[in-house]
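These notes concern the structure reproduced below.
The values are calculated or read from the model by the stated rules, or taken from the named source; none is laboratory data. Values in this document were obtained by computation on a predicted structure and should not be read as measured data. Note that each Cβ is placed from the backbone with ideal geometry, even for glycine, and that neighbours are counted across all protein chains shown. Side chains included, ligands, DNA and RNA excluded: accessible areas come from the protein's heavy atoms. Shrake-Rupley method; radii C 1.70, N 1.55, O 1.52, S 1.80 Å.
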Amino acid sequence: MIFFLAISVTGFCQLKARSFEEVDSLQHIQKKKTIVFIHTDWCQFCQRMKNTTFKNQEIIEKLNLDFYFLDLNAEEKRVITFNNQTFKYQPSGNNVGVHELALQLGTLNNQIVYPVLCVLNEKNEIILQYNNYLGPKDFNLLLEKLKE
């Protein structure tokens, strides 16, 4: 019975993806760095990160404990209020477009390439942007460095 409880507590831990509005409020209660995962549904590397990196129990535990984690689909159509600003979906063609917040947080060298990891400090300022696939081992190393 104790063994089963130990497995259910640690073995099935879920990654807590917060909303931007929620993080705005949470920063007033407890200051933490925020990690924003910017992706699209059609990006193969994004889907691979979702299915490997963000399913890794060690990474889930670190993200839930030490950071605020935000999952942002770059083609999200809802209006998002974050850091006292309002961001909207910008259509660029027939059923094609990108969210202004994805552009703001994910643009590197005047372009956005998915997936993007954007790390914000406690004041919601960008301290790191990385636009490439990160497997569990490398992402774990990044989390360790960010905790310092």
#### Entry: Viscosity 1.002 mPa s, 20 °C: Kirkwood-radius Stokes-Einstein D of segment 76-125 over Cα pairs, µm²/s
179 µm²/s
### Task
Sort out for me the Cα centre separation of segment 16-79 from segment 86-148, rounded to whole Å.
10 Å
### Task
Could you work out the relative contact order of the chain, using alpha carbon pairs under 8 angstrom and six or more residues apart, expressed as a whole percent?
28 percent
### Task
Sort Y89, Y130, Y68 by accessible area with a 1.4 Å probe, largest first.
Y130, Y89, Y68
### Task
With both partners inside the chain, how many of the DSSP beta bridges are antiparallel, as a percent to the nearest 5?
65 percent
### Query
Among F69, N140, Y130, whose Cα sits farthest toward the positive end of the charge dipole of the chain (+1 at Cβ of Lys/Arg, -1 at Cβ of Asp/Glu, about the Cα centre)?
N140
### Message
Ignoring solvent entirely, what values of log10 I(q)/I(0) come out of the Debye formula for the chain at 0.13, 0.16, 0.18 Å⁻¹ when each Cα is a single scatterer?
### Response
-0.60, -0.89, -1.10
### Task
Over segment 42-147, with every protein chain in place, what whole percent of the accessible area is carbon and sulfur at 1.4 Å, could you tell me?
46 percent
### Query
Pairs K31/K77; K31/K145; K32/K55; K88/K137: which exceed 27 Å Cα-Cα?
K31/K77; K88/K137
### Task
Hey, can you find the accessible area per residue of the chain for me, probe 1.4 Å, expressed in square angstrom?
60 Å²
#### Entry: Projected label distance in nm at L103 and T52, using a 7 Å step from Cα toward the beta-carbon
3.2 nm
### Task
Give me the accessible area of V113, 1.4 Å probe, in Å² rounded to the nearest 10.
60 Å²
